[in-house]
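Student: Before we start, here is the structure in question, set down as structure tokens.
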Amino acid sequence: MADDLVLPFEVKPLGIRGRVVRLGPVVNDILHRHDYPAPVSALLAEAVALTANLGASLKFAGKFILQTRTDGPVDMVVADYLAPGKLRGYARFDRARVAALAQPRQADLLGKGYLAMTVDQGADMERYQGIVPLDGGDLTGAAQTYFAQSEQIPTSLRLAAGPLLARGQAAEAWRAGAIMVQHLPREGGSSPLPVTSGDAPDGADDQPAEHDGWVKARLLLQTAEAHEMLDPQLTAEDLLYRLYHEDGVTVYPATTLERHCTCSEAGVAEMLRRFPPEDRADMVENGMITVTCEFCSTAYRFAPDALATS
């Protein structure tokens, strides 16, 4: 299988482990449930790919949630991964502000704010959340800052997203990819992270030397082109071989990905019944109450009398 998967791998001589995400029909389905401009689709697709890559590390039946809150034209992006392998996502944006950007970069769309990454282990367990700033940067930079500051693991990341028009297709199909490598050698310590002690004199280099294997691994990762990460004819295994065949790359069983949504007619009805009757009365339009799921765009319609509680 070439699409909609997370493939873990290891390059033992370099002391790195990582994961490759390849998204085809899953991310295309998520995006086409909304009327997003192309730059917003690309941003959300990368967010979903990043969420799949990070969420696949969960070793329990929990949820990984990625969320941005910013002052940019796209003021909110939400994607979550429900283990094992279920994805969803949506973006909230100002259409006029997006259209006003001539050649929008991801940093222009996001603006300034923060990126939050949350691990939800279930109702009986405490949530863990890490927050990093988004100050004119992109998702890749924010995620790498998170790993440097919160996890303190040397990490390098590549994200890509875009539409492809295949022969015989009437419309473009969106694809996304993500590759992450981390220096986690089986023997010995990982590469030290850059530090600033404040004790070194001006102009002195007090940064510790990185492991040669890690330097090689991250430089090779940066050679991965966006078209390679999105090419439906190039499998994740073949892409890893292109990058790391000199040192030998080992792949492990992949996790299959699928689009999902937790909304349901019964769940929405129960939520509406918790509102006071006067608030439900304000929701009525043309004799019905309509609620649309932000993630999947499914519209649920209810007659007011059907929501009355005894």
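Student: Can you tell which of Leu243, Thr140, Ala102 lies farthest toward the positive end of the dipole of region 5-259, using +1 and -1 charges on the Cβ of basic and acidic side chains (Lys, Arg; Asp, Glu)?
Tutor: My answer, from the dipole projection, is Ala102.
Student: Taking the Cα centroid of region 25-60 and of region 77-95, what is the distance between the two, rounded to the nearest whole Å?
Tutor: Taking the Cα centre of region 77-95 as reference, the centre of region 25-60 is 6 Å away.
Student: Mind giving me the FRET efficiency for Gln103 and Glu172? R0 is 25 Å, r the Cβ-Cβ distance, nearest 0.05 is fine.
Tutor: About 0.85, to the nearest 0.05.
Student: Can I ask one more? If I take the Cα coordinates of region 265-307 and project them onto the principal axes, what are the three extents in Å, biggest first?
Tutor: So the three principal-axis extents are 28, 21, 15 Å.
Student: Given H placed 1.01 Å from N in the peptide plane, which residues other than close sequence neighbours of Gly62 have an amide H under 5 Å from its amide H?
Tutor: Ala83
Student: Mind ranking 277-287, 76-86, 255-265 by how tightly packed they are, going by the mean number of other C-beta atoms within 10 angstrom, highest first?
Tutor: Ranking the peptides 277-287, 76-86, 255-265 by packing returns 76-86, 255-265, 277-287.
Student: Can you compute the charge dipole magnitude of the chain about its Cα centre, using +1 on each Lys and Arg Cβ and -1 on each Asp and Glu Cβ, nothing else charged? Give it in debye, rounded to the nearest 20.
Tutor: 600 debye
Student: Among Val215, Val48, Val40, which one moves the most in a GNM of the chain with springs linking Cα atoms closer than 10 Å?
Tutor: Largest GNM mean-square fluctuation: Val215.
Student: Go through region 128-140 residue by residue and turn each phi into a ³J(HN,Hα) via Karplus (6.51, -1.76, 1.60, θ = phi - 60°); whole Hz please, and just put x for glycine and proline.
Tutor: Result, ordered by residue: 10, 9, x, 10, 10, x, 10, 10, x, x, 10, 5, 4 Hz.
Student: Oh, and also: Cα-based Rg (one decimal) and Dmax (whole number) for the chain, in Å?
Tutor: Gyration radius and largest Cα-Cα distance of the chain: 21.9, 75 Å.
Student: Starting at the first residue of region 281-286, write each ³J(HN,Hα) from the Karplus equation 6.51 cos²θ - 1.76 cosθ + 1.60 with θ = phi - 60°, in whole Hz, x for Gly and Pro.
Tutor: For region 281-286, the Karplus-derived couplings read 4, 6, 7, 6, 9, 6 Hz, x marking Gly and Pro.
Student: Hey, another quick one. Give me, ordered by chain and number, the residues 5 or more places off Leu134 or on other chains with an amide H under 5 Å from its own placed amide H.
Tutor: It is Gly113, Tyr114, Leu115, by chain and number.
Student: Same structure again: Cross-link partners among lysines for Lys216, C-alpha distance below 30 Å, same-chain residues fewer than 8 apart left out?
Tutor: The qualifying lysines are Lys12, Lys59.
Student: Then there is this: Using θ = phi - 60° and the Karplus form 6.51 cos²θ - 1.76 cosθ + 1.60, what ³J(HN,Hα) does each residue of region 91-107 get, whole Hz, x for Gly and Pro?
Tutor: Using θ = phi - 60°, the values come out as 10, 10, 8, 9, 4, 5, 5, 5, 5, 6, 7, 5, 9, x, 8, 4, 4 Hz.
Read-outs: derived from the displayed coordinates by stated rules, not from any lab. Remember, predicted model here, so these are calculated numbers, not experimental data. Neighbour counts are summed over all protein chains in view; Cβ atoms, including those assigned to glycine, are modelled from backbone coordinates with ideal geometry.
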